[in-house]
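Down below is the structure, laid out as C-alpha cells.
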Amino acid sequence: MTTDNSSLQLEKIVPQADDFLPLLGTDYVELYVGNAKQAAHYYQSAWGFQPLAYAGLETGLDDRVSYVLVQDKIRLVLTSPLKKGGDINRHIEAHGDGVKVVALWVDDATKSYKETTSRGAESYMEPKTVKDSNGEVVLSGIHTYGETVHIFVERKNYNGVFLPGYQAWNPEYKPESVGLKFIDHMVGNVGWNEMNKWCEFYAKVMGFAQLISFDDEDISTEYTALMSKVMSNGNGRIKFPINEPADGRKRSQIEEYIDFYNGAGVQHIALATDNIIETVTALKERGVEFLYVPESYYDTVLDRVGKIDEDLAPLKELGILIDRDDEGYLLQLFTKPVLDRPTMFFEIIQRKGAQSFGKGNFKALFEAIEREQEMRGTL
C-alpha cells in the first residue's frame, strides 16, 4: 500500500474551493454492521469486492471484528461488536447497519486536524500514531452530520496491507470483480433546514466549494420533494451532495430515511465504472436489485440527451438512466436499499465527460423510489 508521494500534487479543478485542507482521495468507508462476517460475504459475492485485511480476536482485539474489502480504489471496512454494550452496539441499535466513518486520505493528518478543529470542527480523535513492523500511520478525526465522522489517514510511511493492527485476509473464496473503480461521490441526508448548515461546515471547516444547487422545483414529483447542494474539494476527488427534505403532499425519501435511520447519515455511495452495462449485468446476475424505470422513459430520452456511444436497447433492458450536461453525458442506475431498513443504497455511475449528477433523471428516479415507498407503506 505504498504510494509515490511525487504523484500527490493534484490539479485544482474547483477554483472557488479554498483548499487549505489537501485531500488525496477517499481512504476507506467503514460501516458498523450487525454481522460483519456475513456482510463481507455479501459484498464479495454480490458486488465483487476482494478480501484484503482482517482484525479481531486473532489480532488481539476482544471487543470488535473488522473485515476489509477492496475493489480497485474502493475500500470497505465492515465492523461488528463482539460484546454487549459500547458505541458500536448503540450505533447499530439506533441506526441499523450504516456508515460510521468516511476516511479521507491526506498527506498530513496532524495538520488536517488542526486546520479543521481551529475552524470549528468537533474533535473525534486527536492525532495519534499507530505502528507495526510495516511502518506507521497517523490518524485523526472530526465529527460531521449525525453520528458520521471523518478520519484523516496519513499512510506515506506505511507499507502494510491496510492499517497497523490488521493482518492479511486471504480466503479461498474470491468471486470476480464487477468492474467498480472508485467512489464518485457520497450523499448525506440531513434534517429539515439543515442543508445550508452542513454546506457551510464543509466550506468553512474543510475548504470545500459548492458545485451545484438543486431546489424543490428541480427535485420533485406530484407527491414529494427535496433540496440538495453538492460540495467539492479543490481537486474534485471528494464530492459530498447534502440533501434535506422539502414540503410535499406525502413523505419524501429523505424523511423516510431520517425516520428509519433516526437522524442524519450517509444515504448513498456512488461507485464509478468504465462500463456500466457490464457492471450492472454482473450485479443483477449476482442478485443485486435495482429500481425499476418504466420503458416509457426511453421513448424520448435520446431527444433530450442527444447522441450517445451505447446502443439504447441494453440500457433500456437494464433500466440505466442517461443525462447530459455541457461537458458530456453520464449513465447511472440506483439500487434498492441494501439493508433491512430503507436507508442506504448504492448508485452505479459511468461518466462520459459529464460532471453533473443527473438532474434530468430526477423525476424518473424519484417516481421509482416512490413506488418502492408505496410498497413499504411509508410514502
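A short reminder: the numbers here are calculations on the coordinates, not readings from a lab. As the structure is a prediction and not an experimental result, all values here were calculated from the model. Cβ placement follows ideal geometry from the backbone for every residue including glycine, while neighbour counts extend to all protein chains displayed.
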- Got a sec to turn the phi values of the stretch 128-137 into Karplus ³J(HN,Hα) couplings, 6.51 cos²θ - 1.76 cosθ + 1.60 with θ = phi - 60°, whole Hz, x for Gly and Pro? 9, 9, 10, 9, 8, 5, 9, x, 9, 10
- Query: Which of the pairs LYS284/LYS336; LYS73/LYS359; LYS181/LYS316; LYS181/LYS239; LYS12/LYS307; LYS181/LYS359 have their Cα atoms more than 19 Å apart in this structure?
  - Reply: LYS73/LYS359; LYS181/LYS316; LYS12/LYS307; LYS181/LYS359
- Task: Multiply the residue separation of LYS197 and GLU374 by 0.36 nm, subtract the distance between their alpha-carbon atoms, and state the gained length in nm to one decimal.
- Result: 60.6 nm
- Task: Work out how much length ASP132 to TYR292 would gain on full extension: take 0.36 nm times their residue separation and subtract the Cα-Cα distance, in nm to one decimal.
- Result: 52.8 nm
- Query: For labels at LYS250 and ASP63 in the simple 7 Å Cα→Cβ model, what's the distance in nm?
  - Reply: 4.4 nm
- Query: With the contact rule set at Cα under 8 Å and sequence spacing of 6 or more, what percent relative contact order holds for the chain?
  - Reply: 16 percent
- Note on the structure: The extension gain from ALA168 to ALA94, computed as 0.36 nm times the residue separation minus the Cα-Cα distance, is 23.5 nm
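What order, most packed first, do the peptides 292-298, 89-95 have when packing is the mean number of other Cβ atoms within 10 Å of each residue?
So the order, starting with the most tightly packed, is 89-95, 292-298.
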- For a label point 7 Å from the Cα of ASP72 along Cα→C-beta, name the residues of the stretch 339-359 whose backbone N is under 13 Å from it. 348-352
- Counting sequence-distant residues (5 or more places) and residues on other chains, those with an amide H built under 5 Å from that of ARG75 are VAL29
- Item | Dipole of the stretch 12-168 [Lys/Arg +1, Asp/Glu -1 at C-beta], most positive-end residue of ILE88, LEU52, SER123 | LEU52
- Message: Treating only the Cβ of Lys, Arg, Asp and Glu as charged (+1, +1, -1, -1), what charge dipole size does the chain show about its Cα centre? Round to the nearest 20 debye.
- Response: 780 debye
